[in-house]
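Derivation of every value follows stated rules applied to the coordinates shown; laboratory data play no part. The model shown is predicted, which means the values in this text are computed figures rather than measured ones. Here Cβ is always computed from backbone atoms with ideal geometry, including for glycine, and neighbour counts include all displayed protein chains.
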Amino acid sequence: MHSDSFDPATERQAVDPDAPQSPSRREFLETTGATVAASTVASFATPAMAQPTDAAAPRTTISVSVNGVRHEIEVEDRWTLAELLRDGIGLTGTKIGCDRGECGACTVLMNGAPVYSCGQLAVWADGAEVRTVEGLARNGELSPLQQAFVVNNAPQCGFCTPGQLMSATALLEATPSPTADQARAALVGNLCRCSNYNAIVEAVVAAGGGGVA
Amino acid sequence: MRALINLDANSISDAVQAAAQVRAEGRIAAFSGGGTDLLQQIKDGTDPADVIVNLRTVNEAREIEEGAGGISIGGLATLTRVMENAAVRARLPALAQAAESVGTPQIRNVATVAGNMTQRPWCWYYRNGFNCFKAGGEECFSVNGENGQHAIFGGGPSFIVHPSDIAPVLVAFEAIFQLAGPDGEREVPAAEFFVLPRVDPVNENVLDESELLARIVVPSPPENTVSSYYKVMDRAAWTHAEIGVATVIRRDGNAVTDARVVLSGVAPIPWRLRAVEEFLAGKPITAEVAREAGEISIEGAQPLAKNRHKLPMTSAAVERSVFGLAAG
C-alpha cells in the first residue's frame, strides 16, 4: 500500500464489521485453514485458535483491560498474552512473528511499557492495562504517529508495523520530540525484515515534530 | 506450549515454600520473574518445568534504596528500573550501563535483576536440546565442535560463558547476595554465588532448586571511585556480550589506589582479572599503562579452536575500559 493512494477513511470502512462486504482475507484464510485442518486433524473444532484447546489444561479466570475495555476471561495457564489477544479476544492486529521474544512484532504496552506479548503468559496480565495497535486510533482518526508512518512510507510488508507503532508510542509518551538516536534506541527490539528502518525512524521523529537531518 | 500450571506467589517466602511443595509432589517448579527466557525454554523443551511460580504478584524485593550500608536492590527490580534509578546512575554508573546494554526495552521492562544473573547459558548446543552437561548429560559438545563463542578462561568440563552483563559489575563492586529459601535466608558474596563447571557442571550458581536471589546489597563505593561497563557485541545491538568489561577503580588524582576488573562472556562465571588489578594498583592511568593492562588480561587464557579472536578482543576491551577511566 502506498501513501499516495491510502485513505484511512476508506480503509476503516473496509474493515467495518457492520458494512456489507465480501468475505475478508482473514475469513477466507480461516475458512481455508479449517478445511485443511479438518482433513488432517478432526479435533480442530475452532479454526481461529492457534492451538487445540485442551479441556484438561489448567485454566484461570483473569480480568484484563485491553484498550480500555475490561475483559473477564478464562484462559489456559499456558496461553501467551499474544494468544489471548488474537485468539481469545479477536484483536489480530498484534502479530506473532518469532514467538520467542526476539522479533518484536507482538509488542504491546502493558501498564504503559512495551513488552513482548509472546513472552508473557496471559495469566500474568491479570489486573493489567494492555494497549494494542487497535487502541491507537481515536474517534476514527489515526494517531499522529500512525499518520507519520503513512506519510513516511514506514510500513513495507507491514507485518512488523503494529509492534513498531507500540514501541514508538511508548517513546513519544515519555519523550514527545525524540531524536533519531532516541528513536533507534527505543525501537532496537523491533526487527523489520524489509529493513525499512530509516523510514521508520523518520516517521517516529516526524511524529514528534522533528526532522531527520 | 505444553500444558502447565501458573501459581501466583504473594511473597518471597510464599514463593519458595510453593516451589518446595511442588518439588515434594514430584513435579518441576520454575520461578518466573519476567519470564522472558523461561517461557522460551519451556516452548523449546529445554526447560522441563510444569509449574511456574509467578513472582510478578510479589510486591516485595522490588526496591532500589540507598541507605547507610549501601545500595539495596531487590532481586525482582526490573532492569529498566535499575538503569533509570538516580542512585544507581550516580553511585554505580557501571551497573546502570550494564543494565542498559541488556537486550531490548521490551525485555528490560520485565526482566529482573535476579533473573538476569540466573539465566541459563546461551550455548547453542544447550539451547538446541543437546544432552550436554547443562542439560544433565555427560559431555560438552563445544570442545570438538562450534566453539567460537565459548570460554577462554575457566572452562572444563563445560565451556559455556556466563551471559549476564550485570553480574561482573556486581562482583566488581563486591556486592552481597541475599538468598531466600524455605528454611530461611543466607548471604553470599557475589563472587562466591557463581560456580565453575569443575565444581558443579550442571548449575551456574549456588542456589538450591527452591531458593531465590531475593536482594543484592552493594556497599557504598568509597569517595573517588569511578566505574564503567564496556560491552563488545558481534552486532551493534540486541545481543549478548562477546566480552563485557566491568571496571571499578578508586583513584587518588589519576593514580589507581584500588582496581577491580571483571569480565563477562569469556568464562563460565564472571571472570576476575586479579593480575590486572594488581598491576594497576599504584599506577597512573596512562595510555601505556592501559595497554599493558590489556596485554596482561589474557595471561593464562586457554582458547579453543575457534574462539582465539577473543584474545585480542579482550586485550583491546580491557585497555579501552581502563583508559576510559583516566582522570579528566
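Restrict the search to segment A:123-198; then list the trypsin sites (Lys or Arg not before Pro) that DSSP places in a loop and that have at most 15 other Cβ atoms within 10 Å of their Cβ. Here the sparse-neighbourhood loop sites are A:Arg193.
Each label point was placed 7 Å from the Cα along the Cα-to-Cβ direction; for B:Glu63 and A:Glu173 their separation is 2.8 nm.
Shown in residue order for segment B:91-102 are the 3J(HN,Hα) couplings computed by the Karplus curve 6.51 cos²θ - 1.76 cosθ + 1.60 at θ = phi - 60°: 9, 10, x, 4, 6, 4, 5, 5, 4, 5, 7, 7 Hz (x for Gly and Pro).
Let me have the relative contact order for segment B:185-328, percent, based on Cα pairs under 8 Å that are six or more residues apart. Numbers along the way, then the final one.
Details: 223 pairs, mean separation 27.4, N = 144.
Computed over segment B:185-328, the figure is 19 percent.
Close amide-amide hydrogen proximity is noted between A:Asp99 and no other residue 5 or more places distant or on a separate chain, at a cut-off under 5 Å (H modeled in the peptide plane; Pro and chain starts excluded).
In this simple spin-label model, placing a label point 7 Å from the Cα along the Cα-to-Cβ direction at both A:Ala137 and B:Trp124 gives a separation of 4.4 nm. Counting only other chain Cβ atoms within 10 Å of each residue's Cβ, the peptide B:219-228 averages 0.
In a simple Cβ point-charge model (Lys, Arg +1; Asp, Glu -1; nothing else charged), segment B:22-89 has a dipole of about 80 debye relative to its Cα centre. Loop-located GluC sites (Glu not before Pro) across segment B:177-237 with a Cβ neighbour count of 13 or fewer within 10 Å are B:Glu223, with loop assigned by DSSP. Pairs A:Lys95/B:Lys310; B:Lys134/B:Lys306; A:Lys95/B:Lys306; B:Lys283/B:Lys306: which are spaced more than 31 Å apart, C-alpha to C-alpha? Over 31 Å apart, Cα to Cα: A:Lys95/B:Lys310; A:Lys95/B:Lys306; B:Lys283/B:Lys306.
Is there a quick way to get the dipole size of segment A:65-135? I mean about its Cα centre, with the Cβ of Lys and Arg at +1 and of Asp and Glu at -1; what is the value in debye to the nearest 20? Dipole size: approximately 260 debye. Charge dipole of the protein assembly as shown (Cα centre as origin; +1 on each Lys and Arg Cβ, -1 on each Asp and Glu Cβ, all else neutral): 940 debye, rounded to the nearest 20. Extension gain for the segment B:Glu185 to B:Glu299, taken as residue separation times 0.36 nm less the Cα-Cα distance, is 37.2 nm to one decimal. Note that segment B:272-284 has calculated 3J(HN,Hα) couplings of 7, 9, 5, 5, 5, 4, 5, 4, 6, 4, x, 9, x Hz, one per residue in order, obtained from phi through the Karplus relation 6.51 cos²θ - 1.76 cosθ + 1.60 (θ = phi - 60°); glycine and proline are x.
So how do B:Ser11, B:Ser227, A:Ser195, B:Ser72 line up by other beta-carbon neighbours within 10 Å, fewest first? Mind dumping the intermediate values first?
Details: B:Ser11 15, B:Ser227 24, A:Ser195 10, B:Ser72 19.
By the 10 Å Cβ count, ascending, the order reads A:Ser195, B:Ser11, B:Ser72, B:Ser227.
Each of B:Ala241, B:Ser220, B:Phe193 was scored by the projection of its Cα onto the charge dipole of segment B:188-328, and the greatest displacement toward the positive side belongs to B:Ala241; charges sit on the C-beta of Lys, Arg, Asp and Glu. Applied to segment A:154-167, the Karplus parametrisation 6.51 cos²θ - 1.76 cosθ + 1.60 on θ = phi - 60° returns per-residue 3J(HN,Hα) values of 5, x, 9, 6, x, 5, 7, 4, x, x, 4, 4, 6, 4 Hz, with x for Gly and Pro.
Between the DSSP loop rule and a limit of at most 12 other Cβ atoms within 10 Å, which GluC sites (Glu not before Pro) in segment B:117-151 are left? Passing sites in segment B:117-151 are B:Glu138.
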